[in-house]
Amino acid sequence: MKPTKEPATTEAAGLAARPAATGGGPVSLALCRVARLHRTVAAALLRDLGLYPGQELVMMHLWESGPVLRQSDLVRLLGVEPSTLTKTLQRMEQAGHVRRLPDPSDGRAVLVEPSDSGACMLAEVDRAWSTLEQESLAGLDEAQRQQLLALLGQVETNLSAYSSQGP
């Protein structure tokens with residue numbers, strides 16, 4: 001009797017097993033897995049810059065919006081909790097990427113600006129994101145990339161609407 005070759009499993013391919021309980025949400029599981037892997041690759045690409053995933057988004061908003069932004073504006077732009085941003089900015093300040101200072105027009109507000117080193121990392125962050133994009137979309141032609149972008153946009157719209165209504 002000729003031995004049969006076992007089919008490749010998700011574990012053999014380096015992918016996590018899919019629990020049977022996720023049967024009602026295969027797309028949700030796929031989104032979770034892709035988001036986790038995307039963040040892992042982003043972390044590896046940003047590590048040499050001294051950034052953690054999410055911190056590059058803070059820098060992108062600072063670069064785009066001008067020399068200084070109120071911390072409360074960053075909370076709104078990033079869609080995060082104030083305490084989460086405070087912790088992120090503390091780490092970024094300790095690493096020397098940003099400076100926080102009191103707003104002279106409102107003593108309760110905090111302004112955030114890139115430090116000299118933070119202002120100089122735009123090109124490197126752009127390279128990291130370009131690499132992340134290339135690796136994420138390898139094997140997809142331009143039409144597929146545009147379709148994926150449109151589909152993810154619709155998913156984001158759906159989840160934003162649900163989130164604003166509350167469960």
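Would you calculate a helix-derived [θ] at 222 nm for the chain, using -39,500 (n - 2.57) for each DSSP H run of n ≥ 4 and dividing by the full residue count, to the nearest 500?
Per the formula, -19000 deg cm²/dmol.
Long-range amide H contacts for ALA109: which residues qualify at under 5 Å (H placed 1.01 Å from N, peptide plane, sequence gap of 5 or more or a different chain)?
Excluding prolines and chain starts, which carry no amide H, the hits are ASP103.
Considering only LEU77, LEU45, LEU85, give the residue with the highest GNM mean-square fluctuation for the chain, with springs between Cα atoms whenever their separation is below 10 Å.
LEU77
Filter the trypsin sites (Lys or Arg not before Pro) in the range 93-167 down to the DSSP loop ones having no more than 14 other Cβ atoms within 10 Å, then list what survives.
Filter output for the range 93-167: empty list.
What residue among VAL112, VAL80, VAL98 shows peak mean-square fluctuation when the chain is described by a Gaussian network model with Cα springs under 10 Å?
Result for the chain, Cα springs under 10 Å: VAL80 fluctuates most.
Compute the relative contact order of the chain as a whole-number percentage, counting only Cα pairs closer than 8 Å that sit 6 or more residues apart in sequence.
Relative contact order, the chain: 19 percent.
What are the ³J(HN,Hα) couplings of the range 84-95, residue after residue, when phi is run through the Karplus curve with 6.51, -1.76, 1.60 and θ = phi - 60°? Round to Hz, x for glycine and proline.
Result, rounded to whole Hz: 5, 5, 4, 5, 4, 5, 4, 5, 5, 5, 4, 7.
Read the figures in this text as sums done on the coordinates, not as results from a lab. Being a predicted model, the structure only gives us computed values, none of them experimental. All Cβ positions, even for glycine, are placed from backbone atoms using ideal geometry, and neighbour counts span all protein chains on display.
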